[in-house]
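The values are calculated or read from the model by the stated rules, or taken from the named source; none is laboratory data. Fair warning: this is a prediction, and the values are worked out from it, not measured in the lab. So basically every Cβ, Gly included, is an ideal-geometry build from the backbone, and we count neighbours across all protein chains shown. Accessible surface is based on the protein model in full, side chains and every heavy atom, while ligands, DNA and RNA are left aside. Shrake-Rupley method; radii C 1.70, N 1.55, O 1.52, S 1.80 Å.
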Amino acid sequence: MSDSHQPIPRYRAFAGPAVLTQGFRPFFLLAAVWAALALAVWIVSLEGRLTVPSAFDPVSWHIHEMLYGFVIAAVAGFLLTAIPNWTGRLPLQGMPLLTLVLAWLAGRVAFIVPLPGGIITAAAVDMIFLPLLWLVVLREILAGKNWRNLPMVGALLLLLAGNALFHLEALGVFALDGLGWRLGIAVMVMLIGLIGGRIVPSFTRNWLAKERPGATEPVAFNAFDRVVLLATLLALVAWLISRETAAAVLLGIAAVLQLIRLVRWQGWRTGSEPLLLILHVSYLWIPVGLGLLALALWQPAITETGALHAFAAGAMASMILAVMVRATLGHTGRALSAGAGTAAVFVLVNLGAVSRIAAAFWPDVYRELVIAGGLAWFAAFAGFCLIYGPMLLAPRVGGPSG
């Protein structure tokens, strides 16, 4: 999550628990635990064996907790770890970090424990975390004069707005046709496009230079990438506001451009290194999702569910796991190498996405495919917890806590 042109982060002496030494530790662990647990609860509830004790209806709870619970925790872990690399400032540690963690946890508890005031109180509690995270990120980027990454502040503000719109619709204040979660998905797709466009070709280039000297390098970020990002932004905005034929055309164009962009990064040459290959596979879900979304708008008989899960269960979940693994290894002082267990985790999360998308197209075996996808998803994130949980809870190997 850094490169040679960025400041070197500093660390203060910290005598508290290792898990509170840097943001990736608690938030990556909580993201993985919640991804597995919330999905398990959802699958069991689909079978009629459990009623989700939530102020939301079951479907709304599932969507909200995957997007504004699991995904947001991973985003927080990434930003709180990347920003010190970007700015050279001290990372958030100790009590300030714990405050953010408790705010996130309060949001999860608010929708499974009855509170006075019901859904209004639950929504108010859930809305605490993102404004706090936004303020922390804004302060650090401004203090570090890190103008290049100022768009992260805007992205967090849009996610905050999406969560607020989600709650307003759930409360019956507005009929928004799911605008809150659609906005959240669109923002995450753009973040993957922006950040993935930095790290995927960069990491691939560095690895190829070491493993295959003299080989053709992946194409660096240039004007074409800006065109791709602009086309994707226009397509997603069109989807948010109209979802008509014009939006389908724009989404189709964006899908083709994103696929060309990915091919330029030469992912097929990284097959021997799972830590790199997973980044390319994760990004592939972006053009797949855009293409499926264009198809759904073009042919109303096809639901958007497949496309939405290509983004959520595919691009987001897979990229989150890829980044969490890489960051955990690097920042805990371990070699950037994926063992068999990690490779299995990567395979499982993508199998889960394939199965869940397939369910949208084969209604006759919908239940079986959804359960299979859910089990694969659960195994992937439970596997991450088993392999990387101990690393996240223990001090850094051979050096200061990080």
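I'd like the carbon and sulfur percentage of the solvent accessible area for the range 14-165, probe radius 1.4 Å, heavy atoms only, ligands and nucleic acids excluded. All intermediate terms of the calculation are to be shown ahead of the outcome.
Numbers: 4240 of 5580 Å².
On the range 14-165, the fraction of accessible area on carbon and sulfur atoms equals 76 percent.
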The range 215-295, accessible surface, carbon-and-sulfur percent (1.4 angstrom probe): 75
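Wrap a convex hull around the Cα atoms of the range 244-309, take a quarter of its surface area, and give that in square nanometres.
Values: hull surface 18.0 nm².
The Cα convex hull of the range 244-309, projected and averaged over all directions, gives 4.5 nm².
How would 78, 378 line up by accessible area, probe 1.4 Å, largest first?
Values: 78 25, 378 90 Å².
Sorted by accessible area, descending: 378, 78.
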Whole-angstrom gap from the range 12-38 to the range 46-94, using each part's C-alpha centre: 12
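What whole-number value in Å² describes the accessible area per residue of the range 107-151 for a 1.4 Å probe?
Working: 2290 Å² over 45 residues.
Value for the range 107-151: 51 Å² per residue.
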Per-selection Kirkwood Rh - the chain (Cα, Å, 1 d.p.): 21.6
Sum of -39500 (n - 2.57) over DSSP H runs of 4+, divided by residues of the chain (222 nm, nearest 500): -23000 deg cm²/dmol
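Using the heavy atoms of the protein chains and a 1.4 angstrom probe, tell me the accessible area per residue for the range 271-329 in square angstrom.
Numbers: 1590 Å² over 59 residues.
Per-residue value: 27 Å².
Kindly rank 295-303, 212-220, 180-188, 236-244 from highest to lowest mean number of other beta carbons found within 10 Å of each residue. If you can, show how the numbers build up before the last one.
On the way: 295-303: 14.6, 212-220: 11.8, 180-188: 23.1, 236-244: 16.4.
The packing order, highest mean first, is 180-188, 236-244, 295-303, 212-220.
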Helical segments meeting 15 Å axial Cα length and Kyte-Doolittle 0.0 threshold in the chain (DSSP H): 24-46, 72-87, 94-110, 129-143, 151-170, 179-211, 223-241, 245-263, 274-298, 317-331, 340-361, 366-393
